[in-house]
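S.K.: Right, I'll just put the structure down here and ask away after.
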Amino acid sequence: MIQHVILPGGEAVPALGQGTWYMGESAGRRAAEVDALRHGIAQGLRLIDTAEMYADGGAEKVVGEAIRGQRDQVFLVTKVYPHNASRKGAVAACERSLARLATDRIDLYLLHWRGSVPFHETVDAFERLQAAGKIRHWGVSNLDADDMAELWHTAGGERVATNQVLYNLGRRGLEWDLQPWCRERGVPLMAYSPLEQARLLDDPGLADIAGDLSATPAQVALAWLLRQEDVMAIPKAGSRRHVDDNLAALSLRLDDAVLAALDRRFPPPDGPSALEML
Ligand SMILES: NC(=O)c1ccc[n+]([C@@H]2O[C@H](COP(=O)([O-])OP(=O)(O)OC[C@H]3O[C@@H](n4cnc5c(N)ncnc54)[C@H](OP(=O)(O)O)[C@@H]3O)[C@@H](O)[C@H]2O)c1
């Protein structure tokens with residue numbers, strides 16, 4: 001059964017979702033991408049993450065097709081480019097995303113990364129979009145602890161619903177400062193590239209640990225993230241086979257001995273470091 005993460009404000013969203021980076025780039029793969037997303041939704045992976053950036057809007061169109069006829073089943077996340085995140089620009093970008101997604105609302109609209117537009121302008125735009133019913137929640141992506149503190153002190157900034165960040169077994173630096181900061185304030189993290197774009201799956205140490213559990217490396221990597229009740233993960237899977245593999249992570253429990261073995265192979269941070277991004 002799918003577990004949930006509680007957003008600030010109390011809404012429960014699926015902890016395991018589906019990413020879409022690199023979808024919408026090839027006409028030949030489109031049907032399989034739509035099929036994989038639909039299959040995932042049917043299995044409970046109802047949170048779908050996309051961005052205006054991906055395939056220059058093409059990924060949003062794939063998502064639009066995948067959710068057709070079942071919009072209400074899905075928690076839809078998309079992102080605005082920093083250079084579009086001004087008071088006027090964000091509203092226009094949101095309208096374009098809505099058109100590509102063929103829907104009247106976005107469930108969670110994220111600032112993709114920090115750019116030159118001041119936070120107060122972006123927050124203002126997000127709050128207007130929210131008041132107009134175009135977006136239900138807003139959040140950020142790729143913000144480090146200092147950025148989050150600055151956002152928090154911007155009027156309305158404490159209404160941020162999530163921070164979507166690069167987080168996986170091999171990218172644990174944020175556990176030092178960003179994660180405790182967010183945890184103290186009830187802001188959940190959304191882990192992107194949870195499989196390190198599949199590179200993590202070739203790690204021999206992870207393969208051994210997975211083998212001992214009769215699980216796949218992807219399942220262990222996802223279960224490791226999802227054991228934390230305030231972390232969502234959004235692996236991208238382009239086929240039903242990968243969707244099913246990732247789904248099985250939800251029933252994999254990692255005991256203390258396994259967690260210790262993972263800590264030895266992928267050590268937690270022992271000091272501050274810059275937030276990594278892809
Ligand atoms: N906010 C940001 O700046 C940011 C940055 C990066 C990503 N993201 C979001 O996070 C999502 C996930 O990250 P990602 O796409 O970069 O990388 P990822 O989810 O870590 O890895 C995706 C890769 O892993 C493969 N894969 C998926 N499930 C698998 C399985 N069970 N076994 C073997 N291989 C598997 C996929 O292959 P197939 O395609 O063949 O299934 C794909 O090549 C993105 O799609 C995007 O929505 C956000």
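Bear in mind that the values in this text are calculations on the coordinates, not laboratory data. Every value quoted in this text rests on a predicted model; they were computed, and no experiment measured them. Here the Cβ positions follow ideal geometry from the backbone for every residue, glycine too, while neighbour counts run over all protein chains shown.
S.K.: Residues G205, G157: which one is farther than 20 Å from G19 by Cβ, touching a Leu at 6+ places or on another chain (Cβ under 7 Å) and not hydrophobic (A, V, I, L, M, F, W, C)? Spell out how you get there, then give the answer.
M.R.: Numbers: G205 fails: touching a Leu at 6+ places or on another chain (Cβ under 7 Å).
Exactly one of G205, G157 is farther than 20 Å from G19 by Cβ, touching a Leu at 6+ places or on another chain (Cβ under 7 Å) and not hydrophobic (A, V, I, L, M, F, W, C), namely G157.
S.K.: Okay, moving on. Considering every residue within the stretch 85-93, establish whether at least one is without any contact (Cβ under 8 Å) to a residue 12 or more places away in the chain and either within 30 Å of E25 (Cα to Cα) or of a type in the set (G, A, S) (or both).
M.R.: So the first thing to find is which residues in the stretch 85-93 are without any contact (Cβ under 8 Å) to a residue 12 or more places away in the chain, and the list is 92.
Narrowing further to those that are either within 30 Å of E25 (Cα to Cα) or of a type in the set (G, A, S) (or both): 92.
Within the stretch 85-93, one or more residues are without any contact (Cβ under 8 Å) to a residue 12 or more places away in the chain and either within 30 Å of E25 (Cα to Cα) or of a type in the set (G, A, S) (or both).
S.K.: Determine if the stretch 207-222 includes at least one residue that is more than 10 Å from the ligand (Cβ to nearest atom) and within 25 Å of A274 (Cβ to Cβ).
M.R.: First pass over the stretch 207-222, keeping only residues more than 10 Å from the ligand (Cβ to nearest atom): 207-215, 220.
Restricting the remaining residues to those that are within 25 Å of A274 (Cβ to Cβ) gives none.
No: zero hits.
S.K.: Still on this structure: Scan D104, D124 and give me the residue that is more than 18 Å from the chain's Cα centre (by Cα), among the acidic types (D, E), away from the ligand (no atom under 14 Å from the Cβ) and in a loop (DSSP other than H, G, I, E, B).
M.R.: That would be D104, the only listed residue that is more than 18 Å from the chain's Cα centre (by Cα), among the acidic types (D, E), away from the ligand (no atom under 14 Å from the Cβ) and in a loop (DSSP other than H, G, I, E, B).
S.K.: Now for a separate question. Give all pairs with beta carbons closer than 7 Å in which a residue from the stretch 12-38 that is at positive phi meets a residue that is among the small types (G, A, S) and surrounded by fewer than 24 Cβ atoms within 10 Å (Cβ to Cβ); count only pairs at least 6 apart in sequence or on separate chains.
M.R.: Note: pairs meeting the criteria are G24/A55; G24/G58.
S.K.: Return the residue satisfying two criteria in turn: it lies in the stretch 184-198 and is among the aliphatic types (A, V, I, L, M) and within 12 Å of the ligand (Cβ to nearest atom), and of such residues it is surrounded by the most Cβ atoms within 10 Å (Cβ to Cβ). Walk me through how you get there before you give the answer.
M.R.: Looking only at the stretch 184-198, we keep the residues that are among the aliphatic types (A, V, I, L, M), and these are 187, 189-191, 195, 198.
The next check asks that each one be within 12 Å of the ligand (Cβ to nearest atom); those that pass are 189-191, 195, 198.
On the way: L189: 22, M190: 27, A191: 25, L195: 22, A198: 13.
Going through the qualifying residues, I end up with M190.
S.K.: Restricting the search to the stretch 28-67, which residues are charged (D, E, K, R), within 14 Å of the ligand (Cβ to nearest atom), in a helix (DSSP H, G or I) and surrounded by fewer than 22 Cβ atoms within 10 Å (Cβ to Cβ)?
M.R.: Result: R29, R30, D35.
S.K.: Still on this structure, I have one more. May I ask you to verify whether V91 is crowded, with 20+ Cβ neighbours inside 10 Å and assigned to a helix (DSSP H, G or I)?
M.R.: no
S.K.: On to the next question. So for the stretch 222-237 (the condition being over 26 Å from G186 (Cβ atoms), of a type outside the set (D, E), surrounded by fewer than 21 Cβ atoms within 10 Å (Cβ to Cβ) and out of contact with any His (no Cβ under 7 Å at 6 or more places or on another chain)), does at least one residue qualify?
M.R.: Within the stretch 222-237, not a single residue is over 26 Å from G186 (Cβ atoms), of a type outside the set (D, E), surrounded by fewer than 21 Cβ atoms within 10 Å (Cβ to Cβ) and out of contact with any His (no Cβ under 7 Å at 6 or more places or on another chain).
S.K.: A follow-up question, please. Among the listed residues L143, L111, which satisfies the condition of being buried (at least 18 other Cβ atoms within 10 Å of the Cβ), over 30 Å from D202 (Cα atoms) and either over 16 Å from the mean Cα position of the chain (by Cα) or within 16 Å of the ligand (Cβ to nearest atom) (or both)?
M.R.: Just a single option satisfies the conditions, and that option is L111.
S.K.: Select from the stretch 97-118 the residues that are without any contact (Cβ under 8 Å) to a residue 40 or more places away in the chain, among the hydroxyl-bearing types (S, T, Y) and touching a Ser or Thr at 6+ places or on another chain (Cβ under 8 Å) and list them in ascending order.
M.R.: Y109, the sole residue that qualifies.
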